[in-house]
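We did not get these values from a lab; they are worked out from the coordinates using the rules stated. A quick note: this is a predicted structure, and the numbers were derived from the prediction, not measured. Cβ placement follows ideal geometry from the backbone for every residue including glycine, while neighbour counts extend to all protein chains displayed.
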Amino acid sequence: MLACVRGHTSLVTTAMYMGFGDLDHHPPRTAAITLSQLKSIQCDPNDVEGYFAACEHFRLSGIVLPLWRNYPYADPSQFLTPEALHYWHCKFWDHDMQWCKHTLGAQELDFRFSVLPPITGLRHFSEGVTKLKQVGGRTQRDAQ
């Protein structure tokens, strides 16, 4: 969401999933590129379906005003490195989730996860999260 791109799109380059791992050098997805693509969209953002369709050409997620747009040195291709993303996912599961479990209690935390509405493309934790045995990166992302 911070990079303002859709799924199956690189957060730090202009590559789409079909180009992941190929030998081509894909240019970085800089703030300037993303902001210029957003400015070029000639559709009212209040027309949600039309705006999302216009964003599809650039593989943008539909965010109209990125929170980093007014910061002169903010560039998602620089601050969203794979190491940082891995660190944040691990930190969330190892620290934040454990803090919530300790604060709320396992039963209450599981209940709150179980009543969240299912979202297409994300795992629904109908039994909660505290009894999960193996937790990988996708599970951590879906829980976040």
For the range 42-98 the number of residues that are aromatic (Phe, Trp, Tyr), closer than 28 Å to residue 135 by Cβ and surrounded by 12 or more Cβ atoms within 10 Å (Cβ to Cβ) is 4
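I'd like the full set of residues that are of a type in the set (A, V, I, L, M) and touching a helix residue (DSSP H, G or I) at 6+ places or on another chain (Cβ under 7 Å), limited to the range 98-126. Steps first, answer last, please.
So in the range 98-126, the residues of a type in the set (A, V, I, L, M) come out as 104, 106, 109, 115-116, 119, 122.
Those that are of a type in the set (A, V, I, L, M) and touching a helix residue (DSSP H, G or I) at 6+ places or on another chain (Cβ under 7 Å): 109, 122.
Do we have residue 101 as surrounded by 11 or more Cβ atoms within 10 Å (Cβ to Cβ), in a helix (DSSP H, G or I) and among the charged types (D, E, K, R) here? Spell out the reasoning first.
On the way: surrounded by 11 or more Cβ atoms within 10 Å (Cβ to Cβ): yes; in a helix (DSSP H, G or I): yes; among the charged types (D, E, K, R): yes.
The answer is yes for residue 101.
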Test residue 105 against the criterion of being farther than 30 Å from residue 126 by Cβ and of a type in the set (Gly, Ala, Ser), and give yes or no. no
Check whether at least one residue in the range 5-19 is surrounded by fewer than 16 Cβ atoms within 10 Å (Cβ to Cβ), assigned to a loop (DSSP other than H, G, I, E, B), without any contact (Cβ under 8 Å) to a residue 12 or more places away in the chain and of a type in the set (A, V, I, L, M, F, W, C), and report yes or no. no
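Applying the selection to the range 20-38, what residues are among the aliphatic types (A, V, I, L, M) and either in contact (Cβ under 8 Å) with a residue 24 or more places away in the chain or closer than 18 Å to residue 63 by Cβ (or both)? Working first, answer last.
We begin by selecting, within the range 20-38, every residue among the aliphatic types (A, V, I, L, M); these are 23, 31-33, 35, 38.
31, 32, 33, 35, 38, listed by residue number.
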Only residues that are over 22 Å from the mean Cα position of the chain (by Cα), surrounded by 11 or more Cβ atoms within 10 Å (Cβ to Cβ) and of a type in the set (D, E, K, R): list them for the range 118-135, please. 127
